Amino acid sequence: MSMDWGMRNRLSRIFKSDGKTVMLAVDHGYFQGPTTRLENPRRTIEPLLPYADSIMLTRGVLRNCVDARADVPVVLRVSGGVSILKEDLSDEDITTSIEEAIRLNASALALSIFVGEHHEHRTLVNLARLVDEAERYGIPVLAVTAVGREMARDARYLALACRIAAELGARLVKTYYCENFEKVVDSCPVPLVIAGGKKIPERDALQLTYNAVRDGAAGVDMGRNIWQSDHPVAMIRAVRAIVHDNASVDEAWQIFNELKGKEEVVVKQ
């Protein structure tokens with residue numbers, strides 16, 4: 001993969017020297033509004049930022065809720081235009097210009113694609129257009145393989161969605177973990193990061209992280225399974241131990257339990 005210096009530099013800020021990343025996802029409000037424990041984004045983000053390799057969010061939350069002095073790469077959500085009130089969540093478009101992304105010093109741009117959904121064509125063309133614009137400035141694009149209500153999250157479907165995203169020029173892809181995930185990894189020529197999805201018990205989320213990295217994921221882009229935990233700092237540090245330190249689930253679980261008693265503030269909003 002040929003890349004100029006700017007592209008390599010931005011990707012190296014997101015993926016650390018081991019080729020892995022712990023991305024903190026806090027972009028949920030762009031269609032869900034004030035999600036539980038993300039009602040006040042600044043309060044949620046601040047204690048977690050030191051442990052995130054990058055943060056995925058919208059321009060509004062970035063401007064108003066993140067200290068400009070924070071040394072964390074920004075993965076800027078640039079697609080939207082639909083709310084959770086709509087039946088068809090695939091009706092998205094590009095909502096942030098490339099000029100705005102440059103002003104905000106984004107290290108990558110994130111856009112959802114909806115393969116198999118009603119607006120599949122538009123979201124895929126949006127991805128291609130965004131890649132065209134971003135590549136001119138050496139900015140990588142993260143394609144999010146959003147899954148509609150009726151679509152199965154199995155290896156066959158996710159391999160299709162991830163491969164299409166890579167074929168259209170995405171430099172990295174966010175997707176879901178599934179059975180036979182190694183087949184999804186083998187068929188996608190760019191790094192895959194795993195979505196945490198809905199809140200599940202902490203040990204289960206650690207198991208998900210372990211399985212995904214074991215089977216070839218380049219890390220996680222996790223949100224609710226970190227900041228909806230009663231002990232979010234302990235949780236992100238336990239996730240980091242798996243992603244970057246090759247910790248087992250048992251080891252990460254021990255880290256979580258040791259650290260949760262040391263947190264000064266439990267995030268309850």
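The values are calculated or read from the model by the stated rules, or taken from the named source; none is laboratory data. The structure presented is a predicted model; accordingly, all values stated were derived computationally and were not measured. Backbone-built Cβ (ideal geometry, glycine too); neighbour counts: all protein chains shown.
Miscellaneous remarks
- Tally, over region 1-55, of residues that are modelled with pLDDT under 95 and of a type in the set (D, E, K, R): 1
- Taken as a whole, the structure leaves residue 205 outside the set of residues that are assigned to a loop (DSSP other than H, G, I, E, B) and touching a residue at least 12 places away in the same chain (Cβ under 8 Å).
- Looking at 55, 98, just one residue is of a type in the set (A, V, I, L, M, F, W, C) and over 20 Å from residue 196 (Cα atoms), and that residue is 98.
- Region 229-245, residues that are in contact (Cβ under 8 Å) with a residue 24 or more places away in the chain, part of a helix (DSSP H, G or I) and within 16 Å of residue 257 (Cβ to Cβ): 232, 233, 234, 235, 236, 237, 238, 239, 240, 242
- Subset of region 208-223 (residues that are assigned to a helix (DSSP H, G or I) and in contact with a Phe, Trp or Tyr (Cβ under 7 Å, 6 or more places away or on another chain)): 208, 211, 212
- Scanning region 44-60 finds no residues that are in contact with a Pro (Cβ under 6 Å, 6 or more places away or on another chain) and β-branched (Val, Ile, Thr).
- Any hit, region 251-264, residues being of a type outside the set (Gly, Ala, Ser), modelled with pLDDT under 95, surrounded by fewer than 23 Cβ atoms within 10 Å (Cβ to Cβ) and touching a His at 6+ places or on another chain (Cβ under 8 Å): yes
- Any hit, region 224-244, residues being crowded, with 17+ Cβ neighbours inside 10 Å and under 29 Å from residue 120 (Cα atoms): yes
- In this structure, residue 226 qualifies as in contact (Cβ under 8 Å) with a residue 60 or more places away in the chain and in a helix (DSSP H, G or I).
- Selection over region 168-207 of residues that are among the small types (Gly, Ala, Ser), surrounded by fewer than 24 Cβ atoms within 10 Å (Cβ to Cβ) and farther than 22 Å from residue 256 by Cα gives a count of 2.
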